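Each reported figure results from applying straightforward, stated rules to the coordinates on display, with no laboratory input. These figures come from a predicted structure and were not determined experimentally. Every residue, glycine as well, gets a Cβ built from its backbone with ideal geometry; the counts of neighbours run over all protein chains shown.
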Amino acid sequence: MKASKTYSRKVYISTNSTCNLNCKYCFENEKVKFEFNIDEALNILLEQLSTQTIYGTQISLRGGEPFMVFHKIKHLCESLWSQDIKEYYHIHITTNGTLIHGDIQKWLSSNRDKITLKLSLDGDRKSSEINRPKSFDLIDFHFLLNTWPEMKVNTTITAETLPYLAENIKFINSLGFKHITPHFSIMTDWKNCNLGNTLYKQLQELHNFYLKNPDIEPCSFFLSDISCTLNDKSCHQACNSGEMKAYDMQTRKYYPCYMCFPSIGGEKIAEEFKKLDFTNLEELEEYPCKACTFLNLCITCYAENYITRGSLSRRDMSLCKYQKIVFAVLFNFEYNRILSLTNPSPNDVLKMMAIKKHYKEIENILKEELQITSQVEVNT
Amino acid sequence: MDAQTTIQPLRIDAWLAQFQDIECKTNDTIVGITCWYTFG
Ligand code: SF4
């Protein structure tokens, strides 16, 4: 499987708006029934794939739940595969996994080298029931892992599942999934949640778990490269930088990314997106983020910023406290991990330099946000 | 507080001291690894 970062071009195609689940945090604001047209999608893809790139093209099929329209996806993919296309390409589908049984399994299994799935899974049965009722028991984990042992998992954290974060991540690990990306739900009003101490406790549990089990790949909260905080300037790149096209089958138009589709932010905002310049993000940064030590670690969705707060770089300040707690624990984790290494890499040296530069800030975060005072010891 | 979770600044200094030479020698490599920033 090719890492998505290495593709030269990404093409998003919206396949359908329908979904068999009703997740708490779904940001698709339209539940109208829409399904893509196979010939139109095929033409769009053939047009995109007619020019060759260095690292190939990632085609992402996005719903709703794409497997609601399995017969159409099958038809589209098989038509595409039957063409003589010089460009390397690979199909990615993000799914809730609940519809993947019987014929769908058979077809996916025989095409596993041409298609990769990413699973949305919020944790064990209890948390899944909270965020996306009646989904957990419908997922055939055994099939998914057998077919794609390196399958990635997206885990959405809501206020209700945050108290079980560590348990959920460990559970997903125990199923056999190695690559887990947790993220905070953008549909939660974090400001009124007051869950800072709970998050800290959960992350500490994961911190200890990963230190005790160095063979387990930590979830993405613990994988960010803290050495980027040595740079005082913003080095963010928009995720749609490079060659990325998102074709919305509903409006028959291209947008900068699928988050810009009218079905998410409405028609007016979708049109505004087309005129925005995503290339000079450093100039667009705003205070307080512009002056934040963690700016380069603080991944944000520029489209969501624009839809919700009217500016590409205006992050959700109700999440800021939670982000900072994640970064404080990440710095602690890296400190302990690096000290335990016998052969640290040059990058580990840089990370330790970043810890040296920012430990006072970490201390302040813990003091201000959590009233914890003994995290950093000034004397040995 | 569990000692394992405590950042000790003096320990960082001692740890970094071992790598001072390597750091100087490998400055180019380091810049190469994390290409988005320059070394002070
Ligand atoms: S949201 Fe908070 S943590 Fe993120 S860059 Fe802005 S100020 Fe820093």
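One table, with the values for the structure above:
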| item | result |
| --- | --- |
| Gaussian network model of chain A, Cα within-10 Å springs - most flexible of A:ASN192, A:ASN22, A:ASN332 | A:ASN192 |
| A:MET317/A:GLU271 FRET efficiency (R0 35 Å; Cβ-Cβ; nearest 0.05) | 0.85 |
| Gained length - A:ASN20 relative to A:HIS142, 0.36 nm times residue gap less alpha-carbon distance | 41.8 nm |
| Extension gain from A:LEU341 to A:LYS357, taking 0.36 nm per residue of separation minus the Cα-Cα distance | 3.7 nm |
| A:ASN364-B:ALA17 pseudo-label distance in nm [points 7 Å out on the Cα-to-Cβ vector] | 2.8 |
| Residue-count net charge about A:ARG315 - beta-carbon cut-off 14 Å; Lys, Arg +1, Asp, Glu -1 | +2 |
| Two-site FRET efficiency, A:LEU46 against A:ASN154, from Cβ-Cβ distance with R₀ of 51 Å, rounded to 0.05 | 0.95 |
| Largest-first principal axis extents of the Cα set of chain A (Å) | 68, 45, 43 |
| Computed FRET value (nearest 0.05) for A:LYS106 with A:LYS290, which takes r as the C-beta separation and R₀ as 45 Å | 0.30 |
| Contour excess over end-to-end distance, with Cα ends at A:ASP232 and A:THR308 and 0.36 nm allotted per residue | 24.6 nm |
